[in-house]
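To keep things clear, I will list the structure first and then write my remarks on it.
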């Protein structure tokens, strides 16, 4: 089975350089305009419970049903949400979090280990179900953190969490032949105008 794991398009908060995490922010107009529909046709696309993933899926795969998997949502950045690193460069709690490799809990939010566990458990269940049903393709439109958690756990060739970061509207096409041990990268996907 081929699996496409795609990051949502540029959102309003993302365009301002803000952490958005659990905020339900829409795509910005430039983000909508930058996306172009996929040439691949799918009956269903899996998304999170955030508007930015639903809007991206509608643009990339018009007419496909959208099924929500809430546990694939982005990390909750707690008190950092709605703020940019520039806003917080002198915030001692933010500095401590960044200086600690972003592993600790964000004040009022999640820590990276629990976030990654949540995402990977939901992802594993979805992929295993799709394979058991004999599907030949699976498409997920989620978040940058979702991609990084999944790819750090299963991506091949191996890479650490931040090495799997993509820009809005980009993602990974993966081969599930070696599931559940690994997901081999087939190609990097780009659904933005820059890809044309």
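Restricting attention to the range 19-36, the residues being touching a residue at least 40 places away in the same chain (Cβ under 8 Å), touching a helix residue (DSSP H, G or I) at 6+ places or on another chain (Cβ under 8 Å) and either at negative phi or assigned to a strand (DSSP E or B) (or both) number 8. Listed by first and then second residue, the pairs with beta-carbon distance under 6 Å, at least 6 apart or on different chains, first residue in the range 122-133 and under 10 Å from residue 3 (Cβ atoms), second assigned to a helix (DSSP H, G or I), are 123/150. Of all residues in the range 81-106, those being assigned to a loop (DSSP other than H, G, I, E, B), touching a residue at least 12 places away in the same chain (Cβ under 8 Å) and more than 16 Å from residue 18 (Cα to Cα) number 1. Out of the residues in the range 107-138 that are out of contact with any helix residue (DSSP H, G or I) (no Cβ under 8 Å at 6 or more places or on another chain) and outside any helix (DSSP H, G or I), state the one that is nearest to residue 171 (Cα to Cα). The qualifying residue nearest to residue 171 (Cα to Cα) is 137.
Taking residues in the range 183-196 that are within 17 Å of residue 164 (Cβ to Cβ), and partners anywhere that are modelled with pLDDT under 95 and part of a helix (DSSP H, G or I), the pairs with Cβ atoms closer than 9 Å and at least 6 places apart or on different chains are 189/195.
Remark: pairs (first residue in the range 157-170, closer than 21 Å to residue 194 by Cα; second residue in a loop (DSSP other than H, G, I, E, B); Cβ separation under 8 Å; 6+ apart in sequence or on different chains) = 168/8; 168/9; 168/10; 169/8; 169/9; 169/10; 169/191; 170/191.
Residue by residue, here is whether (1) within 17 Å of residue 137 (Cα to Cα); (2) touching a helix residue (DSSP H, G or I) at 6+ places or on another chain (Cβ under 8 Å) holds:
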position	(1), (2)
155	no, yes
159	no, yes
170	no, no
177	yes, no
188	yes, no
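If you check 34, 15, 54 for being surrounded by fewer than 17 Cβ atoms within 10 Å (Cβ to Cβ) and either over 13 Å from the mean Cα position of the chain (by Cα) or under 28 Å from residue 184 (Cα atoms) (or both), only one passes: 15. Please indicate, with yes or no, whether at least one residue in the range 56-64 is in contact with a strand residue (DSSP E or B) (Cβ under 7 Å, 6 or more places away or on another chain), touching a residue at least 12 places away in the same chain (Cβ under 8 Å), outside any helix (DSSP H, G or I) and more than 18 Å from residue 13 (Cα to Cα). Yes: the range 56-64 contains one or more residues that are in contact with a strand residue (DSSP E or B) (Cβ under 7 Å, 6 or more places away or on another chain), touching a residue at least 12 places away in the same chain (Cβ under 8 Å), outside any helix (DSSP H, G or I) and more than 18 Å from residue 13 (Cα to Cα).
Annotation: of all residues in the range 107-121 being loosely packed, with under 15 Cβ neighbours inside 10 Å and touching a residue at least 24 places away in the same chain (Cβ under 8 Å), the one that is nearest to residue 46 (Cα to Cα) is 121. When each of 104, 79 is tested for being at pLDDT 95 or above, more than 19 Å from the chain's Cα centre (by Cα) and over 21 Å from residue 190 (Cα atoms), the lone residue that passes is 79. On inspection, residue 186 qualifies as in contact with a strand residue (DSSP E or B) (Cβ under 6 Å, 6 or more places away or on another chain) and loosely packed, with under 15 Cβ neighbours inside 10 Å.
The values are calculated or read from the model by the stated rules, or taken from the named source; none is laboratory data. This is a predicted model, so every value here is computed, not measured. FYI the Cβ positions are ideal-geometry reconstructions off the backbone, even for glycines, and counts take in every protein chain you see.
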